[in-house]
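Worksheet for the structure shown next.
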Amino acid sequence: MNGVKTGLVRRVMAPPPGLDPAALDRHASAAVRGGAFVFVSGLSATDPATGAAIRGTTASETRRILENLRLILEAAGSSMERVVKVNVILASMLEAPNMNEVYARCFPEPPPARTVCGARLPDGAKVMIECIALGSDDGR
């Protein structure tokens with residue numbers, strides 16, 4: 001999964017150790033490095049060791065997603081501090097305050113740019129989060 005596409009400035013990042021690839025969408029890369037940026041696919045709450053879906057409150061799903069996001073970013077040579085844009089999709093916009101409470105603890109001030117919208121999510125998920133982050137300065 002880790003490699004360079006010939007003729008493209010794009011590198012697929014391997015999932016971090018301890019994160020079961022089954023926890024990720026098999027039709028998308030967990031993260032792709034494109035130029036100076038790391039693009040992380042939309043994540044729903046999954047157990048990083050088993051790949052099993054975790055369904056709970058909006059707050060608990062948000063917490064699990066952000067922890068998995070941290071693992072993926074670190075494996076790609078980035079971090080939560082380097083996130084510049086986040087897209088959050090909620091099954092119910094009424095749950096935005098519950099998501100915000102957890103989200104605010106995970107990003108430094110000033111927080112990254114963000115869009116929050118509501119949509120029907122697959123498999124009973126309440127939250128899905130994707131992001132764009134600056135990659136490491138050494139191009140990892």
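The values are calculated or read from the model by the stated rules, or taken from the named source; none is laboratory data. Computed from a prediction, not measured in an experiment: that's the story for all the values here. Using ideal geometry, Cβ is built from the backbone for each residue, glycine included, and neighbour counts are taken over all protein chains shown. What goes into the accessible areas is simple: the full protein's heavy atoms, side chains included, and nothing from ligands, DNA or RNA. Shrake-Rupley method; radii C 1.70, N 1.55, O 1.52, S 1.80 Å.
Considering segment 36-55 alone, what residues qualify as being touching a residue at least 40 places away in the same chain (Cβ under 8 Å) and out of contact with any Gly (no Cβ under 7 Å at 6 or more places or on another chain)? PHE39, VAL40, SER41, GLY42, LEU43, SER44, ALA45, ALA53 - these are the residues of segment 36-55 that are touching a residue at least 40 places away in the same chain (Cβ under 8 Å) and out of contact with any Gly (no Cβ under 7 Å at 6 or more places or on another chain).
Of the residues making up segment 106-140, just one is at pLDDT below 95 and basic (Lys, Arg), namely ARG140.
For every residue, the table says whether it meets (1) at pLDDT 85 or above; (2) over 24 Å from LYS126 (Cβ atoms); (3) hydroxyl-bearing (Ser, Thr, Tyr); (4) within 10 Å of the chain's Cα centre (by Cα).
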{"residue": "LEU8", "(1), (2), (3), (4)": "no, yes, no, no"}
{"residue": "PRO15", "(1), (2), (3), (4)": "no, no, no, no"}
{"residue": "GLY34", "(1), (2), (3), (4)": "yes, yes, no, no"}
{"residue": "SER41", "(1), (2), (3), (4)": "yes, no, yes, yes"}
{"residue": "ALA52", "(1), (2), (3), (4)": "yes, no, no, no"}
{"residue": "LEU71", "(1), (2), (3), (4)": "yes, no, no, yes"}
{"residue": "ALA76", "(1), (2), (3), (4)": "yes, yes, no, no"}
{"residue": "SER79", "(1), (2), (3), (4)": "yes, yes, yes, no"}
{"residue": "ILE89", "(1), (2), (3), (4)": "yes, no, no, no"}
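Scanning segment 35-51 for residues that are closer than 23 Å to ALA119 by Cβ and open to solvent by 50 Å² or more (accessible area, probe 1.4 Å) turns up just one, PHE39.
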